[in-house]
Structures are given as structure tokens and as C-alpha cells.
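Let me begin by presenting the structure, written as C-alpha cells, before commenting on it.
The values are calculated or read from the model by the stated rules, or taken from the named source; none is laboratory data. None of the values given here were measured: they were computed from a predicted structure. As a convention, Cβ positions derive from the backbone with ideal geometry for all residues, glycine included, and neighbour counts pool all protein chains shown.
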């Protein structure tokens, strides 16, 4: 299954728990930007959040699973 291209990039915000240091934040950023369709990820350790720019319809459960497999917890922040 492939992700559909979006007509314009959109932003999502995830609440991420389990980050305790800058290395954790860097890992979360690397994991998310390594996903197909995620153009950018900005991780805020103090706010325990990640703001993503996605260019494809990336399923949020897939993003959460990638983080959970690395020992973090995440959920979509509803706006």
C-alpha cells in the first residue's frame, strides 16, 4: 500500500512521552523524518511534542507505531 500525495503539505502535532534528553529528541526527529511522506519534523523536548510537515497521507497509527517500537509513546494532538 502506498501513501497518496497531498495537494499541499499539511502539519500534524504529536504529543510524545518518554523523551528525557536531547538525544531522545534527536532520535524522535530522525525516526519521523525517516518515514516516507514526512518532509520535516521539529521536536520540542520541553513541550514533549513533535510538529510534522507531511507531503503524503501518512497514517498517524504508523507514525505512533514507529515511535512506540523505539520506546516512546505518542498520540495525535487534537487542535
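Look at the range 34-51: where a residue is within 12 Å of residue 63 (Cα to Cα) and a partner is assigned to a loop (DSSP other than H, G, I, E, B) and modelled with pLDDT under 95, sitting 6+ places away or on another chain with Cβ atoms under 7 Å, you get 35/58; 36/3; 37/3; 37/58; 38/58.
Quick grid of which residues meet (1) assigned to a strand (DSSP E or B); (2) out of contact with any helix residue (DSSP H, G or I) (no Cβ under 7 Å at 6 or more places or on another chain); (3) loosely packed, with under 11 Cβ neighbours inside 10 Å:
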| site | (1), (2), (3) |
| --- | --- |
| 19 | no, no, no |
| 30 | no, yes, no |
| 58 | no, yes, no |
| 64 | no, yes, no |
| 68 | no, yes, no |
| 78 | no, yes, yes |
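Scanning the range 32-44 for residues that are in a strand (DSSP E or B) and over 15 Å from residue 77 (Cβ atoms) yields a count of 3. Could you check how many residues of the range 2-17 are within 17 Å of residue 75 (Cβ to Cβ) and loosely packed, with under 13 Cβ neighbours inside 10 Å? Here the count works out to 2. Applying the condition of being over 15 Å from residue 76 (Cα atoms) and surrounded by 14 or more Cβ atoms within 10 Å (Cβ to Cβ) to the range 45-56 and asking which residue is modelled with the highest pLDDT yields 45.
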